[in-house]
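Structure record follows, encoded as C-alpha cells.
The values are calculated or read from the model by the stated rules, or taken from the named source; none is laboratory data. Being a predicted model, the structure only gives us computed values, none of them experimental. A quick note on method: Cβ atoms are made from the backbone with ideal geometry, for glycine too, and the neighbour counts reach across all protein chains shown. Protein only, heavy atoms only, side chains kept; ligands, DNA and RNA dropped before computing areas. Shrake-Rupley method; radii C 1.70, N 1.55, O 1.52, S 1.80 Å.
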Amino acid sequence: AEDEPASGLDVGLGASLLISITMMMGLYYITNFPDPDIRRYAYEVLNSTISIFCAVLLFSAGNDVFEKEVVGHLDPKWATSARVGVTVFWFTVLQLVTARLAHQFEDEDTRKKHEFVHQHHETTDVNLSSAGVLLAHISGFACINLFGHLQQQHRFSASPFASLGSAVLALCFCAFMNKITRVIRHQLIHRDKDMDEFEEMWDEAVQESENDVFSLCVSFLCVQSLRFAVSGTLPNDEGDEAVATLFHHSWYEPVLLILFGSAGSLVLTMYFLGLRSVKKNEKPKGLARRVTMSVDGVLTRLKKASTMEVASVPLIEWERVSELFCTTISHASAWAILFGAKWAIAGLLTVEDETILNLLCAFVLSGFCCAFIWVLDNIQDSVRAEAREARDGDNAEQSKERVEITSEIIRHLVDQVGIIIGFGWERCFDGAVVAVASPTPNPLVTKFILAVLCAVVVLPAWRLYLVPMVVLQGWRFGFLPHHVVKHAANNEDCEETQKKYDELLQTLTGAHPDKEKRQKYNDLHSKAGSDHSHPVPKLKLPEAAAGSLLAPASQLTGYVALSPRGVKQLVVR
C-alpha cells in the first residue's frame, strides 16, 4: 500500500541506486572537465580510490580467514608474533614484486641497452606505480592490523595518552623496516658502483610506497587516540564503533574532530608557505614562517648531532623525514575529517542503519571534495597567471618559487582528498561484501571468494586504463596516445582512419581557443616544417595501409609539444 512505510532494505536499495547513478554521471563530468588540472586531480583521486578499495578488500578478506583459522588458535603472545610475521611478509612482497617489475632479476648489461630501455621504460613506470601503491596500501593495512590490536590491549586502551604508545611503536617499527630495506637496496644497487635507470626507478618507487605505509599506519593510530580523547570511547582496531555509540555523539564531538583535521591541513600549508624564507635564511615573519623555522630548526640541529651511517646509508635521511612529516600530517587530517563527517551525518539520521550512513557519508564527502578541488584549482590558476605576468620582471624568480610551493601544497591536499573519498567508499563496498556474505553457511569463505572475484574484475581495468591516465598523463587529452595507434592498426577503413587522424592532429595543434597560444603553436609548426632533420612519421598500421597515413612533421611537433611524455608513443620513431 502507498501509506505503508518502506523497510530499511528498501531505503538502502533505493539510496544505493540513486547515489550510484549520480556518481557514475558525476565521473563523466569531472574526467571530461575543460580544465586539465581538474581532470588530473580527478584521475589521481580515482586511482587512489580504486587502489584503496582493492587493497582493503583483498587484505581484509584474507586476514579474516587468517585470524580465525590461525591466530584464533594461538596464545595471545604468539598471536602478536603471527601478526608481526604477516606485516613483515607484506613488506618483503613489496620489495620483491617491485624488484621484479623493475627488471632487477634481468642481466645488468641487458638493462643498460638502449633498445631495452626504450622498449620497457614506460611500461615499467606504469607497473611500478600500480603495484607500488597497491602493495603499499596492503602493507599499511597489515601494520594497522598489528598495532591496532596492540592499541586494544589494556596497557594502551587505559587512556587516550596511553593509546598513543601504539602509534609510537608503529613509528619505530616502520622506521626500522624502512632502514633495513633501504640498506639492502643500496647494497644491491651499488654493487657495481653504477645506478642504471631501472634501479633508480625501483628505489624511488619503493621509497614512495614505504612512505605511504608509514604515514597511513601512524596517522590512523594517532586519529584513533584523538577520537578516544574527544568521545571517551576507543574504536576497535578497524576504526569502527558500536551502533549505540556511533549514532549518539554529542554535537560538539564531530565539530572538534573536523577542526583538528582542518588544523592539520593549515599546519601543512603554513609549513610549505614558509619554506622559501627558511631556504633563504630570512628571519621568521608571521605564523607560517615561524612554524617552518621551528620544524626545520629542530631537524637541522638533529642533523648536526647525528651523522652516523649504516652500510654507507645515512642513519637518518632528513629529506625523507621531512616528507614523512608532511604525508603523516596530511593523512591524519584526512582521517580526522572522514570520521568527523561520519559522526556529524550520523547525528542527523533518524534511522540507525550503518549501511545507509556509510553510503550517505561517502556521497556527501565526494561532493564536498570535488568542490574543494575546484577551489584549489582556481587558486593554482591565479598563482600561475601572476607568474606569467611577472615572467620577464624582477619578481620572476619569486613567482616561480610561489608556483612550486603552491603546487606542492595542492599535491598534499589532493592526497587528503584521495584518502577521504577512497576510505569513504571503501566502507560502503566492504559493508556490501559483508552483507552479501552474511547469510551464507561460511561467511568468511564467501567474503574471500567475493573479494577475489571483485579483484579479478577491477584490478586489470585499473592497471590497463586508469593508472596510465595518471602516470602517462593521459588526463591531458582524455585518452592514451598508444591506444590511438592500436585502434588505428586494427581499423581496415584506411580513408576514414586517415580523416580522423588528421582531425585529431588539427584539433591538438591548430585549434587552441587562446589566440596567443595558437600563434605560438603555429610558429613552432613553421619552424619544424623548415627543419628537414625531422623525418615524416606515420601511424603504425597494417602493411597495406601504412603508407597512406602520413602526417606533416610540423603538426606532430606541435602535438608532442603539448604532451612531452605521453604523446611521443603516437608515432613510430
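A compact table of results
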read-out: Sulfur and carbon atoms: percent of accessible area, segment 1-153 [1.4 Å]; value: 64
read-out: Distance violations [Cα-Cα > 32 Å] among Lys342/Lys447; Lys112/Lys179; Lys112/Lys400; Lys77/Lys447; Lys77/Lys179; value: Lys112/Lys400
read-out: Proportion of all alpha-carbon pairs of segment 6-158 beyond 27 Å (%); value: 51
read-out: Highest average packing first - 159-165, 61-67, Cβ atoms within 10 Å; value: 61-67, 159-165
read-out: Surface share of carbon and sulfur [accessible, 1.4 angstrom probe, percent] for segment 357-472; value: 67
read-out: Hull shadow area, averaged, segment 148-202 [alpha-carbon convex hull, nm²]; value: 4.9
read-out: Rg/Rh ratio calculated on Cα atoms of segment 326-483 (Kirkwood radius); value: 1.09
read-out: Where segment 144-281 is the region considered: accessible area per residue in Å², 1.4 Å probe; value: 45
read-out: Peptide ranges 135-142, 338-345 listed from the most packed, as the mean C-beta count within 10 angstrom indicates; value: 135-142, 338-345
